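Let me begin by presenting the structure, written as structure tokens, before commenting on it.
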Amino acid sequence: MEAGLRADERLESEVTGLLAAMTVAEKLSLLAGKSFWQTQGISRLGLAPMKLTDGPRGIGLHSGFRRCTAFPTGIALAASWNPELAREFGEALALEARSVGAQVVLGPAVNICRTPLNGRTFEYFTEDPHLNSRLAVAAIRGIQATGVAACVKHYAANNQETYRMKTSAEVSERALREIYLPVFEAAVREADVWSIMAAYNAVNGVAACESADLLQDRLRDEYGFSGFVVSDWFAGKRTSSGAACLKAGLNLEMPGKGIRMRQRNLQREFDAGAFSEAELDANLRNLLRVWLHTRPAQGHPTGRRNTPEHQKLARRMAEQGMTLLKNDGGVLPLDRTRVRRLAILGKRARKRTCLPLYGGSAGVWSPYEVTPLQGIRDFLGDTCDIVDDPAAADAAIVVVGLGHRLGGDSEVKDRPHMDLPPEQDALVRKTLATNPNTVVVVVSGSPLAMPWADDVPAILMAWYPGMEGGRAIADTLFGEVNPAGKLPVTFPRRLADSPAHSDPRRFPGSSEQVHYDEDVFVGYRHFDREAIEPLFPFGHGLSYTQFSYSALRIGGWTSDGELELSCDIHNSGSRDGCDIVQVYVGCANPQLPRPPRELKGFQRVVLAAGESRRITITLPAKALAYWCPERNNWHIDNGEYQIAVGASSRDLRLTGSVAYPG
């Protein structure tokens, strides 16, 4: 039985009829674009051009040509650990895309955060494949529920900007299977994603855009993908020929008229017998299937953008992503009835981050943006004086961060180091020396060095919180919102502690190769294995209330091969709040080197002050599996597995074990 869009017999019949009506020249013309954001069309057959648009956090002015809602960036959404929120975001994003005439959204961006220096970490979700998959599947379902195609990117092992157009990611089959490919597999198998973007880089020596292993063997034959593969913009340049791309499974080269899959090039190769018309039809069918399904005439919802509902969603996303890294002495939340004079310091407090091409293709130009300074001022009104001298203030807020200029959080160029600009570190130190009630708000999209972290009492990670970010920051600082965000990436104390930075061959590599020698030990998997203390661990995030965990129960294996875990969680504080209950699994006696523990489940739990609830999390047997090179397949070792439940990868409150098979 066919899956996905292939199951729509009426759609398949229409595609078949259209292919039969086309000339070879017309077919070839559709495999490359017409302009930067549009495909060709065939007017005599009533096939209008298909429009694609950036991007992963909102519709870019450079592709949509309209001001649109700027939502928080991908890593801010990931900090919410909330798949339902990701689904809502996807629906809103698709409606905004439809409002500018687009049928395809180039997102979500799902590459694993392998190095803190990746210029695009702010666009991506996480270092963990399980969290990555849960968020991506939800976002894709939200986008495609409106009839707009999601285009999950960048496939595959596209984890740095340095040499991105030239290098080959040399990565083991095991690391591909366990770390880098699970999100793409989940996107296809669980969300039936309609489009995937092939990356600039090569994987194990073969350019992604002409890799039959990636595009055909895995994506279509193994996962069951029924949509189309589009090149990243100008990625065709590094491939050998249009015929090689077509036969491997690339369906559309963008932008413009293409490089390798330009019509005249393909015509010459077709005439020379490099590929047959049957191969051409099979390739084009995958593109036309989505093209026709996403037409506005198919009865899909009418697009809309910049609506009050979308702006409220942007604010809610920003609120749920706020991650309280430190709060010694209960400095936060600030009490507006006691704080009569407040110092707000740092240039980043006044800076906008939602502007055209800020950060590259993820840039969105919103109709307005509430900066941190404006948000705090609007919240306080005339109840508090904003002063410049922290020594004269009841509390001081220092806003630091990078911004989206090259060398910061930006496409094209990776960061040279983890440091903030030295004047920002100096400002934190200077403020703290004169005011012990100093709060640092970090507006950034990737792990940073914080040499003052042990000294300041409170640190709030705001990420890039979008057009409503200033209001979300103010609400969090003053307790209207109880922070519940959790880190989706590890914050190392030193760059050298990160697994990709022990040797230059791992990062930045060379224009020819970058070696993923750390294998499956990415992010917290490495930190736990080597017993390295991070600055802030994966999954970490504090609240203004306290949660206790108790009564872990691990059931037996069901006939469906599932394991049911349950425990009690209690809000023992005086405020309503939310915690993310995280489940980690580790093999007691692994046959191959494995991480001590890996995230395999989580649940977002909202509790009123004093409330308790028993929660249940179900794990499939595959949660215990690893990719066995010797068997060339997934395998579960028999024996004991340790189950740990907690509030972060290093704050494990409950532990137990289970045998496999039971």
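The values are calculated or read from the model by the stated rules, or taken from the named source; none is laboratory data. As the structure is a computational prediction, the values presented were derived from the model and not from experiment. All Cβ positions, even for glycine, are placed from backbone atoms using ideal geometry, and neighbour counts span all protein chains on display.
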| query | Looking at VAL585, VAL606, which is the one that is under 20 Å from SER657 (Cβ atoms), in contact with an Asp or Glu (Cβ under 8 Å, 6 or more places away or on another chain) and either not in a loop (DSSP other than H, G, I, E, B) or not charged (D, E, K, R) (or both)? | reply | VAL585
| said: Checking the structure you have, find out if any residue of the range 249-264 is part of a helix (DSSP H, G or I), farther than 24 Å from LEU219 by Cα and not assigned by TED's automatic domain parsing to the domain that holds LEU215. | reply: yes
| field | Residue match in the range 114-136 (condition: in contact (Cβ under 8 Å) with a residue 40 or more places away in the chain, over 29 Å from ARG506 (Cα atoms) and buried (at least 24 other Cβ atoms within 10 Å of the Cβ)) | value | no
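Table: residues versus (1) outside the structural domain of ARG98 (by TED's automatic domain parsing); (2) not in a strand (DSSP E or B); (3) not hydroxyl-bearing (Ser, Thr, Tyr).
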{"site": "LEU324", "(1), (2), (3)": "yes, no, yes"}
{"site": "THR337", "(1), (2), (3)": "yes, yes, no"}
{"site": "ARG348", "(1), (2), (3)": "yes, yes, yes"}
{"site": "CYS354", "(1), (2), (3)": "yes, yes, yes"}
{"site": "SER361", "(1), (2), (3)": "yes, yes, no"}
{"site": "VAL364", "(1), (2), (3)": "yes, yes, yes"}
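Which of the residues that make up the range 412-448 are surrounded by fewer than 19 Cβ atoms within 10 Å (Cβ to Cβ) and part of a loop (DSSP other than H, G, I, E, B)?
Result: VAL412, LYS413, PRO416, HIS417, ASP419, PRO421, PRO436.
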| remark: Residue hits (the range 214-228; out of contact with any Asp or Glu (no Cβ under 7 Å at 6 or more places or on another chain), closer than 21 Å to LEU176 by Cα and either assigned to a loop (DSSP other than H, G, I, E, B) or outside the structural domain of LYS166 (by TED's automatic domain parsing) (or both)) are GLY224, PHE225
| remark: Those residues of the range 610-621 which are of a type in the set (Gly, Ala, Ser) and either more than 18 Å from SER657 (Cβ to Cβ) or surrounded by fewer than 14 Cβ atoms within 10 Å (Cβ to Cβ) (or both) amount to GLY610, SER612
| said: Going residue by residue through the range 522-542, is there one that turns out to be basic (Lys, Arg) and touching a strand residue (DSSP E or B) at 6+ places or on another chain (Cβ under 9 Å)? | reply: yes
| field | Residue that is modelled with the lowest pLDDT, among those in the range 287-302 that are crowded, with 18+ Cβ neighbours inside 10 Å and in a loop (DSSP other than H, G, I, E, B) | value | HIS300
| remark: Going through the range 622-639 in order, the residues found to be touching a residue at least 60 places away in the same chain (Cβ under 8 Å), buried (at least 17 other Cβ atoms within 10 Å of the Cβ) and not in a strand (DSSP E or B) are ALA623
